1. What is the one condition in (1) at pLDDT 95 or above; (2) more than 30 Å from B:LEU460 (Cβ to Cβ); (3) assigned to a helix (DSSP H, G or I) that A:GLU159 does not satisfy?
2. So which residues in region A:213-222 are more than 12 Å from A:ARG299 (Cβ to Cβ) and either in contact with a helix residue (DSSP H, G or I) (Cβ under 8 Å, 6 or more places away or on another chain) or outside the structural domain of A:ARG355 (by the TED database) (or both), if there are any at all?
3. With the structure loaded, tell me whether B:LEU391 is assigned by the TED database to the domain that holds B:GLU314 and open to solvent by less than 10 Å² (accessible area, probe 1.4 Å) or whether it fails that test.
4. Considering each of B:ASP327, B:ASP284, B:ASP279 in turn, give the residue that is within 14 Å of another protein chain (Cβ to nearest Cβ) and in contact (Cβ under 8 Å) with a residue 12 or more places away in the chain.
5. Looking at A:VAL66, A:VAL85, A:VAL35, A:VAL58, can you tell me which residue is under 25 Å from the mean Cα position of the chain (by Cα) and outside the structural domain of A:THR481 (by the TED database)?
6. Examine region B:91-101 for a residue that is among the polar types (S, T, N, Q) and either surrounded by fewer than 18 Cβ atoms within 10 Å (Cβ to Cβ) or more than 7 Å from chain A (Cβ to nearest Cβ) (or both), and state whether such a residue exists.
7. Which condition does A:ASP514 not pass, out of (1) at pLDDT 95 or above; (2) open to solvent by 50 Å² or more (accessible area, probe 1.4 Å); (3) not in a loop (DSSP other than H, G, I, E, B), if it passes all the others?
8. How many residues, within region B:39-84, are crowded, with 21+ Cβ neighbours inside 10 Å, part of a helix (DSSP H, G or I) and facing chain A (nearest Cβ under 7 Å)?
Protein chains: 2
Amino acid sequence: MSAFTVEGAQDPPGPGPFAGGALGSAALRPLLEVVLEALASGAEQRGGPLPAGGPERVADEVRATVGAVLRERGTGAREALETLVGLVARGAADPSEPLCAAHLHCPPLALAVAADVAGSAVNPSMDSWDQAPAASELEALVCGELARLVFPAEGGPPERGGAPGPEGPKRPWGSEGPSGSEGPSGPDALVTSGGTEGNQLGLLLGREAARARGGAPLRVVCGANAHHSVGRAAWLLGLAPPVVVPTPAGVLTAGALDEELARGGGAPALVVATAGTTDAGDVDPLPELAAVVARHGARWHVDAAYGGPLVFSERLRGRLAGLERADSVAFDLHKLGWQPVAAGVLAVRDGAALRPLAHRAAYLNADDDTEAGLPDLLGRSLRTTRRPDVLKVAVTLRALGRSGLAAMVERTCAAAERLADVIAEDGRFSLYARPPLTTVLFRPRGLPDAVVAAARRELLVGGAAVLGRAAVGGRLWLKVTLLDPTVREGEPEALLKLVDEAVAAVVERGAGADGAVAASAEGERP
Amino acid sequence: MSAFTVEGAQDPPGPGPFAGGALGSAALRPLLEVVLEALASGAEQRGGPLPAGGPERVADEVRATVGAVLRERGTGAREALETLVGLVARGAADPSEPLCAAHLHCPPLALAVAADVAGSAVNPSMDSWDQAPAASELEALVCGELARLVFPAEGGPPERGGAPGPEGPKRPWGSEGPSGSEGPSGPDALVTSGGTEGNQLGLLLGREAARARGGAPLRVVCGANAHHSVGRAAWLLGLAPPVVVPTPAGVLTAGALDEELARGGGAPALVVATAGTTDAGDVDPLPELAAVVARHGARWHVDAAYGGPLVFSERLRGRLAGLERADSVAFDLHKLGWQPVAAGVLAVRDGAALRPLAHRAAYLNADDDTEAGLPDLLGRSLRTTRRPDVLKVAVTLRALGRSGLAAMVERTCAAAERLADVIAEDGRFSLYARPPLTTVLFRPRGLPDAVVAAARRELLVGGAAVLGRAAVGGRLWLKVTLLDPTVREGEPEALLKLVDEAVAAVVERGAGADGAVAASAEGERP
């Protein structure tokens, strides 16, 4: 590493400004200490799940603290880290706080964060072997393992094997790969930036398989409960908007899907199912959907961004039965996997399905280099330069083991159950349903949706709690997405007390429904 | 933060397993020390720019070290971090080493890596305000500043202002935004995962503007020198492959572009120019291209992933004159900005151009929440969950200031000049050209391309140096992409000695060109 000093880059002067090489650790150590102190004091100053005062007040503080974003002369590393890390910590909605539980936004494991530092410091880029010799091989190993977890060799899809399955002899299109001549090659997986990219890739692979087959363009079919990224992916890829099948009970049913596919008139269809909806954590009935998909010869992508990590648990993975029959499955380890963002995975049952992503760039994977044995990595992502997100995942898998991850997933589901119990027994609130995963929906009894929405904002703006919202079953609900495995004694009751107070404040102010708060019929789950 | 203990998550037992909250720093500190030690000893064991032995040997070591990726019982945080961080550091192509200089793969600043830890620990997700209150405001500030740096208020494009410019009165299509009714709103920028995503967005915005206009679909026109991601983006977006204009001199010329646009027959065109080609660092003649683009009423995207950060330097930003006339500009701070991956930016001259990215999801930006003042962030990216890459960028801008970043950019360009000087004076090698940015291409005199390619692999496999390759001007060249601001005394000579030895080894073995190494005519730049 170079020993020169850049003005402002070292404060106090240290062994050098870069994080890699033999001297990088010595350069990093004092700066990391500054960060740790700023994080701790920021969290202490915040003193809760998020800063009080709402968007304008937070924005004012950020602007006042930052001043000029780019000065002519720098303030030095120590000042910049103290100021901006402190600001972001003080002004965070911190998922490590029990009352920050709105979204699929997890508290990250310290060991995963620590591993991620190594990725930043060594800075491998995953687009060519000569930028990531060991990291690229590690990625291949981890991806293989994760793919086999989703698509275990045992219990594979009989209708795609040699003999026709119970759903009949029709073979799904596209399973032969784009060349049309090569056979299946076992499960594989890619690292993604999250479920959104996973869904994009699922649709893209479907689009390309349809193209290879010729004829009509791909028809994407999903439930009304599907993630918004499915429609956005279709738009991005230049496909027609997805055909949306109504899901009045919260899940895509086999009957409704069957009817819709029968209407398709032979156009190649890609069905997108969901294992863990964002609103309620609902899991579509995968075995029944698998049968319908197979009968119609459609392709099948499952958005398991939320529910996917149940595969770690022997006890819970039955809830995802049928997942192994999908063509592609997106799941995230930055949700029920406790990784810092990003740690997404797209797994495919047949690695040959990834061939449409093959791509050449002479400076990264020239033919003669590939022939000489240099691995070709460009087809592993739509990105070129790419962070080694796999390192933190590999460290987490190794440190916790399957049983450790299973325990965390199981405890989080159990915590959601306990929260649901407390709500169900509290006369002030209605519970939407038993939590299928870790999402608990509830609402104050006898009040309109506008009060629910206003109470959520009341909690946010007051800095008291970060809760989510979900419009399901024709009503608006408060949403707790639990991603912390422990709900400690008294926490559910404390949460409900806060909600009750917020509701009372809203009602007292006459906010919601244009100031007129009227009692309304109860909105239990239909 | 919860105080429970997950089996294997804490080793030795500490205050808790999560990185956030008030106790997160205490959980992180000992784990970070394990990482720093593993990084240092890994770099020492490697003892050079990359591990020796080539892909198979590295893969063998990775497989042997890792063993089972997912065991039933975990090994604990300390063991996992020591083992896997050590493995990745030992097996890295580390850009903090002077002889690792193949790609646009920079040594990251320690202060940026330290800042990135805070992003991981607090784990804001940039898709809604209630997951990132302060971080989202910080992102808005930094994006605004970066956009104004690319598109300064002074020196804006006269032909897009009130009065017609010198190129005539034709107004470019699409500049009125998709609604067709709203005026320009000043420069803006988005954070991306890199130039590849920046180019995707540039093409996507062009596609949507063409759609809003109705009529023929978008025609993408780029030089043969453009990055491979331009063609891949067109494919992703369902557009026709780009029309590729030959660039025999390495850059897209105004004359060739003019001819091609004249052939377009009125279809809406998006021109993609390059400010810093991956092969040679060439910068297209932006002022001349701007005039041609304006004359034809085309849209203009500039891929400045590499060259963009020259805007920090008063002395060098003249090389990018004309950039401020582009509709959109992609640039990366994980190249000449010394950030760990990822730190990309897409800047647009008129923020209204970003409107096609607007997107709604009831759980993230419900209308009533937006009306109540909660910021709407979904339109800031095609991703949903998104890491706060802006934090490390903000810390770097503040710590170094404009002058500090300018000094690093200028020193890196000067280092490339010095390397080029040494090569030019060395009779054994031909220099392709004076380096336009920080890329230096050279080749051993009198030997065929196959020897050049084999010598590069010889250096790689021997663990001696990581050099790149570039096929330009009809020949294959060795490529040094300097991203370290300092070339110390003797380093260029040492590099040339290594290359000379590798060439000799290849020639002696008779490798390259099917074993027959013949002298060939010199391949100076045409």
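The values are calculated or read from the model by the stated rules, or taken from the named source; none is laboratory data. As the structure is a prediction and not an experimental result, all values here were calculated from the model. Cβ placement follows ideal geometry from the backbone for every residue including glycine, while neighbour counts extend to all protein chains displayed. These accessible areas exclude ligands, DNA and RNA; they are computed on the full protein's heavy atoms, side chains included. Shrake-Rupley method; radii C 1.70, N 1.55, O 1.52, S 1.80 Å.
1. With (1) at pLDDT 95 or above; (2) more than 30 Å from B:LEU460 (Cβ to Cβ); (3) assigned to a helix (DSSP H, G or I) applied to A:GLU159, the lone miss is (1).
2. So the first thing to find is which residues in region A:213-222 are more than 12 Å from A:ARG299 (Cβ to Cβ), and the list is A:214-217, A:222.
Hits for region A:213-222 are A:ALA216, A:PRO217, A:CYS222.
3. On the way: assigned by the TED database to the domain that holds B:GLU314: yes; open to solvent by less than 10 Å² (accessible area, probe 1.4 Å): yes.
Here the answer is yes, as B:LEU391 does meet what is asked.
4. Working: B:ASP327 fails: within 14 Å of another protein chain (Cβ to nearest Cβ); B:ASP284 fails: within 14 Å of another protein chain (Cβ to nearest Cβ).
Just a single option satisfies the conditions, and that option is B:ASP279.
5. On the way: A:VAL66 fails: under 25 Å from the mean Cα position of the chain (by Cα); A:VAL35 fails: under 25 Å from the mean Cα position of the chain (by Cα); A:VAL58 fails: under 25 Å from the mean Cα position of the chain (by Cα).
Of the residues listed, the single one that is under 25 Å from the mean Cα position of the chain (by Cα) and outside the structural domain of A:THR481 (by the TED database) is A:VAL85.
6. Start the filter on region B:91-101 by keeping residues that are among the polar types (S, T, N, Q), which leaves B:96.
Checking which are either surrounded by fewer than 18 Cβ atoms within 10 Å (Cβ to Cβ) or more than 7 Å from chain A (Cβ to nearest Cβ) (or both) leaves us with none.
Looking through region B:91-101, none of the residues is among the polar types (S, T, N, Q) and either surrounded by fewer than 18 Cβ atoms within 10 Å (Cβ to Cβ) or more than 7 Å from chain A (Cβ to nearest Cβ) (or both).
7. With respect to (1) at pLDDT 95 or above; (2) open to solvent by 50 Å² or more (accessible area, probe 1.4 Å); (3) not in a loop (DSSP other than H, G, I, E, B), A:ASP514 is out only on (1).
8. 9
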